[in-house]
Amino acid sequence: MFVIHIIFILGAVSSVTSEINISDSDYKLLPPIFHIDSYEECIQENKTFCRITIKLSPINNKTKIWNLIEQTKTSKRFYNHDELYYAICVENGLKLGQNDAFLKKTLSEFYTNKYINVSLQATVVEINCQSYKYQIKKFDLFVLIFIILYLLLILVATVYDLKRHKGNKSLILFSLRHNLEKIKRNFNQRNCEKLKCIQGIRFYTTVLIIFCHTFCSYAGGYIGDTKYLEDFSLNFFRHGLRNLFVFLVQTFFLVSAWLLSYNTFKIFDKTKRDDFFKYLCLTFLNRYLRLIPPVLLMVSLSTSVWIYGSFHGPIKYVYSDREYERCQKNWWVIFLFLSNHYQQHDMCYFTNWYLSADTQLYAISLILLIIILKFRLMKIRILTIFLLISIFIPSMVTFIYKLDIIYRITPENSKNNLFQSFEFSATYTSTYSNMATYILGLIFGFVYFRLENKPIFSKKCFVLLWYILFTGLPLSVIIISSFEFNRVTSAILAGILKPMYALGIGIGIFGMSQRIGGFLKSLCEWKLALFFGNITYSTYIVHFGIVFCRTALATRPLQVSDYILFVSFVQDTFWSFICGFLMHLLVEMPASELQKILVPKFSSESDKKVKK
């Protein structure tokens, strides 16, 4: 395994470093891709910002500068330097529509004269001077009143609880004191669980996802130092980290399926119960109601004026205003958990694609588990068949449409927001592209159920093999994904890389549940990681808006470096978990407790006997 890794690393390095290179002196000759006029001066002069797209073409094909631009268009590492995005200040008298053609012509002549010294002709192909005007509507007032009343309810419940009243149990559920004590109690109980490492892995995965989106918040914005992003893949560590980003969410799919499978087999173990339909309905209903409250709050804020209408900026329309428009149009899709397939290009609150895919796979898995429980003697065969089908589907889609093995985060697709394209959907957000990991999670849940109390790693060679697979499989996936392959090989790898990554994580969790792992186990079961692991769902829900506000609020091209990226990541992580904790404490926990009172939960026969 070690030798294979060395070979892959050498191959990956040669693949990355064989890209075209442009010297710093030549790079400075290229026109800046992004530009923003002084926002403060424009506002003081009572002028309007317009976003324009400029297309460059050569006046003389043989010039050095045009040859450099042509080179950038042949590599995924670079932006297309013949397309520029500028936010400029114009007189308010130039109204979009009436003077659109005139303004385009005037600006084209201006930028042609500006770049005439490098023999480039500029043509303004798109101009947008729109500035969204927010108006307070009845729905906005309803959201504001609801939030105020809800906060008053929490205040009243907390005071009521502090005075040690025991009468109204439903009211106490909203008490801050009650919920803080419950967090502490649940944390102490979880310290005794064999699978507590899952919470730590959730925490670290969430942190890495925040880092991924911190990177994307720069890559998808108006950037001053474009060369940094274009050179990002030249460093092998950074290149591998960028590949890792597209596999991180597989851990969530794996864990979700694992716990569903384990709990299902545990409930129906050694019993002849056949109330499967009741189990399906109650289990799915409880999960749906558990997910909805934090989502409801975020959607309410996304479809009201209170956040988006409270700040301004020269490029705000490109990002936050369009997000507001999408949420006004498609907010209802979120509650059906169809965001990853229905009008994905107009998706409200982008991270909801994961909740949609996970909910769809959860429903499919529930049905599959019921089929397995009805035909228990065929469970291995059924799981194997579904695993092979879930690998085959993305492989066939990749082959038919000639797709890459993964969706690569490149400067160009970040600039043009191709994260809402068919390729992104087919290789990343679609239900079928993540199904193999979910089926693998069901298998792990069943294996863990059968072997939970049986020592497996009694021999040192098994422990060594565990270390190799736990670290080696994910690392191999990251390294392999550094390459580009022919059509057939890409199709095969597209189907197996995600479950291969998840297999390594699953083996790691299983081994730690068997009390092996040393430092890795201690790291995953670190008390702070376990604590924050409990609030990863709420953190995931809120972090997207926190991270990408820097993109929408930029008043000048963003500068980026390793140091700036790291500092931004630390800040994003800190505020995401702070807001996630508040969401968990104020919304998720009270709603979950209220749900347990109002909605029955399917229990095993042993649980019923204990209650009696």
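The values are calculated or read from the model by the stated rules, or taken from the named source; none is laboratory data. Predicted model only: the values in this text are computed from it and were never measured. FYI the Cβ positions are ideal-geometry reconstructions off the backbone, even for glycines, and counts take in every protein chain you see. The accessibility values were calculated without ligands, DNA or RNA, using every heavy atom of the protein model including side chains. Shrake-Rupley method; radii C 1.70, N 1.55, O 1.52, S 1.80 Å.
Taking the alpha-carbon distance from Lys73 and a cut-off under 22 Å, which lysines remain once sequence neighbours fewer than 8 residues away in the same chain are dropped? Cross-link targets: Lys28, Lys55, Lys62, Lys64, Lys227, Lys402, Lys415. Taking amide H positions as modeled 1.01 Å from N, with prolines and chain starts lacking one, the residues under 5 Å from Leu558 and 5 or more places away or on another chain are Tyr222, Ile223, Gly224.
The 3J(HN,Hα) values that the Karplus relation (6.51, -1.76, 1.60; θ = phi - 60°) gives for the stretch 63-72 are, in residue order, 6, 5, 5, 5, 4, 5, 4, 5, 4, 5 Hz. Gly and Pro appear as x.
Couplings 3J(HN,Hα) for the stretch 30-35, derived from phi with the Karplus relation 6.51 cos²θ - 1.76 cosθ + 1.60 (θ = phi - 60°), are 6, x, x, 6, 10, 8 Hz, where x marks Gly and Pro. In percent, rounded to a whole number, the relative contact order of the stretch 16-140 is 34, using alpha-carbon pairs under 8 Å and six or more apart.
If the chain between Ile385 and Asp100 were fully stretched, how many nm would it gain, using 0.36 nm times the residue separation less the Cα-Cα distance?
Numbers: separation 285, 0.36 × 285 = 102.60 nm, distance 5.88 nm.
Here the segment from Ile385 to Asp100 would lengthen by 96.7 nm.
In summary, the aspartates and glutamates within cross-link reach of Lys527, defined as a Cα separation below 20 angstrom excluding same-chain residues under 8 places away, comprise Glu181, Glu193.
Counting only Cβ charges, +1 for Lys and Arg and -1 for Asp and Glu, the dipole size of the stretch 514-575 around its Cα centre is about 100 debye. Comparing Tyr134, Ile183, Ile148 along the charge dipole axis of the stretch 114-186, the residue lying farthest to the positive side is Ile183, per the Cβ-charge model.
The portion of the accessible surface of the chain made up by carbon and sulfur, rounded to a whole percent, is 64 (1.4 Å probe; DNA, RNA and ligands excluded). Per residue, the chain exposes 48 Å² of accessible surface when a 1.4 Å probe is rolled over the protein heavy atoms with every protein chain present. Restriction of the trypsin sites (Lys or Arg not before Pro) in the stretch 473-565 to DSSP coil positions whose beta-carbon has at most 11 other beta-carbons within 10 angstrom yields Arg515.
So what's the back-of-envelope 222 nm ellipticity for the chain, counting only DSSP H runs of four-plus at -39500 (n - 2.57) apiece and dividing by all residues, rounded to 500? Spell out each step's value before the answer.
Numbers: 27 runs with 382 residues, N = 612.
After summing the helix terms and dividing by the residues of the chain, the value is -20000 deg cm²/dmol.
For the stretch 49-59, putting each phi into the Karplus relation 6.51 cos²θ - 1.76 cosθ + 1.60 with θ = phi - 60° gives couplings of 8, 10, 9, 10, 10, 10, 9, 9, 9, x, 7 Hz, in residue order, rounded to whole numbers and with x for Gly and Pro.
For the stretch 266-311, which trypsin sites (Lys or Arg not before Pro) are both in a DSSP coil and crowded by at most 11 other Cβ atoms within 10 Å? Can you show the working numbers first?
Details: sites: Lys266, Lys270, Lys272, Arg273, Lys278, Arg287, Arg290; in loops: Lys270, Lys272, Arg273.
Of the trypsin sites (Lys or Arg not before Pro), the ones in loops of the stretch 266-311 whose Cβ has at most 11 other Cβ atoms within 10 Å are Lys270, Lys272.
May I ask you to compute the full-extension gain from Lys227 to Phe139, defined as 0.36 nm times their residue separation minus their alpha-carbon distance, rounded to one decimal in nm?
Working: separation 88, 0.36 × 88 = 31.68 nm, distance 4.47 nm.
Length gained, Lys227 through Phe139: 27.2 nm.
Computed over the chain, relative contact order equals 23 percent, with contacts defined as Cα pairs under 8 Å that lie 6+ residues apart. Going through the cross-link list Lys133/Lys596; Lys76/Lys114; Lys194/Lys460, which pairs have a Cα-Cα distance over 31 Å in this structure? Beyond 31 Å: Lys133/Lys596.
Determine the relative contact order of the stretch 116-181: mean sequence separation of Cα pairs under 8 Å and six or more apart, normalised by residue count, in whole percent.
Numbers: 28 pairs, mean separation 16.2, N = 66.
That works out to 25 percent.
Toward the positive end of the charge dipole of the stretch 416-569, with +1 on the Cβ of Lys and Arg and -1 on the Cβ of Asp and Glu, the farthest Cα among Leu565, Gly545, Met435 is that of Met435. The stretch between Tyr132 and Arg487 holds 123.3 nm of extra length on full extension. This uses 0.36 nm per residue minus the Cα-Cα distance.
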